[in-house]
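The next block holds one structure in the form of structure tokens; read it before the comments.
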Amino acid sequence: MRRRALLSLASLALVATLAACETTSGPPVGPSVQAVESGRYHLTYRGTSRMSEAEVRDRALLLAAQTTLRSGYDWFQVTGRSSTIAAPTGPQFSLGIGGASFGRHSAVGGGVGTTLGGEGTYVAGLEVLMGKGAKPAGSDAYDARDVDATLGRRLQ
């Protein structure tokens, strides 16, 4: 009787844990590109928890360069920047079952654990204006081929 109750409890805990895992999904990691109008884009790069803020910013800049080249332009100018720390992509669950024997007596136990916290991830956003020909003067204007070559090599 005791064994049946314990197995039922463990089964219920497992089912609850798996059901909770199925319903949690966070925002995607990686690039997001949205055209605002011809030659103007909003680009976002969401890093993983293992990426530094600087790496995520560089990946957003590389995304801008690659999007510029794919769109048939030569240079891009950053007209807006944003940087945030996003919440973790979802809770983490664990299930544990254990047992022990003490001569004629034995015991079995189980538990379910949940972690709602965790590390956040960096998100870098850029608003860019793209153009052809000579790159305009200014520190926020970039040659797309140069950025692609330099950052593309470093971030591989």
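A short reminder: the numbers here are calculations on the coordinates, not readings from a lab. Remember, it's a predicted structure, so these values are computed and weren't measured experimentally.
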Residue-ordered couplings for the stretch 121-133, obtained by feeding phi - 60° into the Karplus form 6.51 cos²θ - 1.76 cosθ + 1.60 and rounding to whole Hz (Gly and Pro as x), are 10, 7, 10, 10, x, 9, 9, 10, 10, 10, x, 10, x
Between D74 and residues 5 or more places away or on another chain, the pairs with built amide H atoms under 5 Å apart involve G131, K132, G133
Residue by residue through the stretch 47-62, the couplings from Karplus 6.51 cos²θ - 1.76 cosθ + 1.60 with θ = phi - 60°, in Hz, x for Gly and Pro, are x, 8, 5, 8, 8, 7, 4, 4, 5, 5, 4, 5, 5, 5, 5, 5
